[in-house]
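Please read the structure below before turning to the comments.
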Amino acid sequence: MKAKESYTFEELCTSLKMPMSKFCQMAGVTEGTIARLRKGYSARRGTINTLLDTFSQVYGIDFSLENVTGLTPIEKPITPIAEKAIELSVSPSSVADIHKEEAVQIRNVALSEGTMSLKEFADASGIPLRTLHNWKDTGKIETTHRDRSHGGGIEILISPEEQKKALERNAMRTPRKSKDK
């Protein structure tokens, strides 16, 4: 490219003697960023400066916003975090309206006969564990929790009544198509 007084961003892009993907790798930007800039979108000043520096390396000419047109930097002042004010408005009435969706978890409960862990039930019934967790999370089945006897978190338990509900729900469920076909 010949040295002249001013250049356009489009001209710099179309005159490249290398694939745009290689140029983007050199600049550390995506091809999507280049495409947006070519359409006239703005970009961060740092991104623009990085692109102009990379063009300068490729062409051996110093490029800047003063001699390249078609690039629009975002002119948004950056406010330091310390200056950002966070306003929280909590009134006594809004606190009273908070609805707790989860019941208090009872830990270390005695097991009723037939109660088993959700994982054991998944293995025994053939219902995927993820499905059982989804049903639990959406309130379709209820479970209880207890501390694991050997430590390491909690164990999710399902009662015989809820096992029956899960089996009935599973019978109505349409299974997913196998990926093997």
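The values are calculated or read from the model by the stated rules, or taken from the named source; none is laboratory data. It should be emphasised that the depicted structure is a prediction, and the values quoted were computed from it without experimental measurement. No Cβ is skipped: glycine too gets one built from the backbone with ideal geometry, and neighbour counts run over all protein chains shown.
Here are the numbers for the structure shown:
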item: Conditions (1) surrounded by 15 or more Cβ atoms within 10 Å (Cβ to Cβ); (2) modelled with pLDDT of 85 or more; (3) of a type in the set (Lys, Arg): number failed by ARG146; result: (2)
item: Residue list for segment 1-38, filter: of a type in the set (A, V, I, L, M, F, W, C) and closer than 13 Å to GLY70 by Cβ; result: PHE9, LEU12, CYS13, ILE34, LEU37
item: Matching residues, segment 1-45, being buried (at least 16 other Cβ atoms within 10 Å of the Cβ), under 26 Å from the mean Cα position of the chain (by Cα) and closer than 16 Å to THR72 by Cβ; result: VAL29, THR33, ILE34, LEU37, ALA43
item: Residue list for segment 151-161, restricted to those being touching a residue at least 12 places away in the same chain (Cβ under 8 Å) and farther than 13 Å from HIS133 by Cβ; result: ILE154, GLU155, LEU157, SER159, PRO160
